[in-house]
Structures are given as C-alpha cells and as structure tokens.
Amino acid sequence: MGTLHVLNHPLIQHKLSILRDKNTSVKEFRELISEIASLMCFEATRDMPTEEVEIETPVAKAKVRRLAGKKMAIVPILRAGLGMVDGIVQLVPGCKVGHIGLYRDPETLEPVEYYCKLPNDIADREILVLDPMLATGGSASAAISFIKQHGGKHIRLMCVIGAPNGADKVLADHPDVDVYVAAMDSHLNEHGYIVPGLGDAGDRIFGTK
Ligand code: PRP
Ligand code: URA
C-alpha cells in the first residue's frame, strides 16, 4: 500500500491560506500555486537517490553527491495541473513534461479523457503526476492508469488539497503509488467540490469564471 504524505510545512501552510481565500486575485493565485508546487516538490523528492562523484574545485579535488538513477518526468492533469508545472521545472530543469487531458463530467463526476502525450521513455523515469485538487480521486486514478498503460512504473501523485475519498481511492486503485498533499480537507459537497477547499482550481488559475 502506498503512503499518504501531508506536507504541512509552515511556508506551505501560509501560502495555502492565501490561495484558499476567495478574494485572492488570478495573478496571485497563479504565483502561489507555482510556489507551493516548488515547495512540495522539494519534500516529495527527499528520498531521491544520490551517488558520489569526484570533481575539482578551484582549491582541491572533492567527492560530492549528485542525483543518481532515473531522471524525472512530470505529468500535469489538464487543465489545472498546468499551474504546478513552472514551480517544479525551476527546481528540476531537466525534467520531461507529459500531458494528460481529463475533465470531470459535472453530472456523473466521472473523468473523461481528451488528450494524452507522454515522453517515449516514460518507463525509465520517476514520474510525478500533478493536479491541485484530489476530490473523488476519479481523475487522478484514471491518469495514473493511462500512465501505467504507456509503461510508467515509478509514479507519485502530488496534489495541493485532498479529500479523504480521493486519497482512499488512489491508494486502493494504485497500491504502488505514494500520494503527497499540502492539506487534507474534511469532505466533498453535493457537487463534488472539496470543503472548504479553494473552489474550482482551473477557473481560478485561468480566470475563466
Ligand atoms: C478538477 C481538478 C481535478 C479534478 C478533481 O478538474 O483539477 O482534475 O477536478 O476531481 P476528482 O478527484 O473528483 O476527479 P476539472 O474536471 O474541473 O477540469 P479542469 O482542470 O479542466 O478545470
Ligand atoms: N475540482 C476542483 O477544481 N475543485 C474541487 O474542489 C473539486 C474538484
């Protein structure tokens, strides 16, 4: 079974408090979601393997540590996952970026796929799936299934706000996947929105409402 990690670092919690506020502007919302993604990525990559290499400083030879093993791929779930991409690319500039297009049918709350383009060598990479909201878990679970169908093996899911239903579903459907959230909220309302949440993440990032 995978593990649910709640990354309640004070800096993340502070930024999240502003993100949730309904009076936060689109500009500020975009900046904050990117910053939160950066801080979360720092925590979610804490156990990445390193290896010793020898380099020469201007003063002497030195044994130093560098990232080892598989390179990273990030896969934002369109649309709202796009808001998390820049913050991670700033930390891991060499990462590849795949895209999965899913929207949640407003009546059934079931995910509907409309786009999928992943790096060819996805099977060899550490994969971080990005979506700000983990509500019923339908979208994240379907995205992880698509990635597995394309050969992806080493997958983590990173969401800003989660709900218990969503986290339970992903961990049950994909016992090999660890889930990282900045906060776990209490429940979903009758429209499938996370309570208290932050509203519709895609609309708040792109200013579409
Ligand atoms: C939102 C969100 C997730 C999904 C979460 O996307 O970004 O992808 O809902 O809900 P779930 O856990 O119940 O599946 P939405 O369908 O609103 O699409 P958008 O990103 O294009 O706005
Ligand atoms: N999608 C969102 O954007 N927000 C929610 O609260 C739930 C699903």
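Since every read-out is calculated from the coordinates, none of them should be taken as a lab result. Because the structure is predicted, anything quoted here is derived from the model rather than measured. FYI the Cβ positions are ideal-geometry reconstructions off the backbone, even for glycines, and counts take in every protein chain you see.
To the nearest whole percent, what portion of all C-alpha pairs in the chain is separated by more than 24 angstrom?
40
If each residue of separation counts as 0.36 nm, what is the full-extension length gain between D168 and L91 once their alpha-carbon separation is subtracted?
Numbers: separation 77, 0.36 × 77 = 27.72 nm, distance 2.93 nm.
Extra length available between D168 and L91 comes to 24.8 nm.
So for each of 24-35, 48-59, 185-196, 72-83 I average, over its residues, the number of other beta carbons within 10 Å; can you give me the resulting order with the highest mean first? Let's see the in-between values first.
Values: 24-35: 16.8, 48-59: 8.9, 185-196: 14.0, 72-83: 23.7.
Going by the mean number of other Cβ atoms within 10 Å, highest first, we get 72-83, 24-35, 185-196, 48-59.
Going highest first, how would you order 142-149, 119-126 by mean Cβ packing within 10 Å? Show your work: numbers first, answer last.
Working: 142-149: 19.6, 119-126: 17.0.
Highest to lowest by the protection proxy: 142-149, 119-126.
Under a no-solvent Debye model with one identical scatterer per Cα of the stretch 54-112, what's log10 I(q)/I(0) at q = 0.12, 0.19 Å⁻¹?
Cα-only, vacuum Debye calculation for the stretch 54-112: -0.51, -0.81.
Test of understanding: extend the Cα→C-beta vector of E113 to 7 Å, then name every residue of the stretch 141-167 with backbone N under 11 Å from that spot.
142-151
Putting +1 on Lys and Arg Cβ atoms and -1 on Asp and Glu Cβ atoms, find which of A201, S141, I74 reaches farthest to the positive end of the dipole of the chain.
Of the candidates, I74 comes out farthest on the positive side.
Please compute the Kirkwood hydrodynamic radius of the stretch 114-205 from all pairs of different C-alpha atoms, in Å with one decimal.
On the way: mean 1/r = 0.0735 Å⁻¹.
Value: 13.6 Å, from the Cα pair sum.
Using the Karplus curve 6.51 cos²θ - 1.76 cosθ + 1.60 with θ = phi - 60°, work out ³J(HN,Hα) for each residue of the stretch 80-86 in order, rounded to whole Hz, and write x for Gly and Pro.
Here the 3J(HN,Hα) series is 4, x, 4, x, 9, 5, 4 Hz.
Counting residues in the stretch 1-72 as N, plug N into 2.2 N^0.38 Å and put the Cα Rg over that result. Provide the component values of the computation, followed by the final result.
Numbers: Rg = 18.2 Å, N = 72, 2.2 N^0.38 = 11.2 Å.
Here the answer is 1.63, to two decimals.
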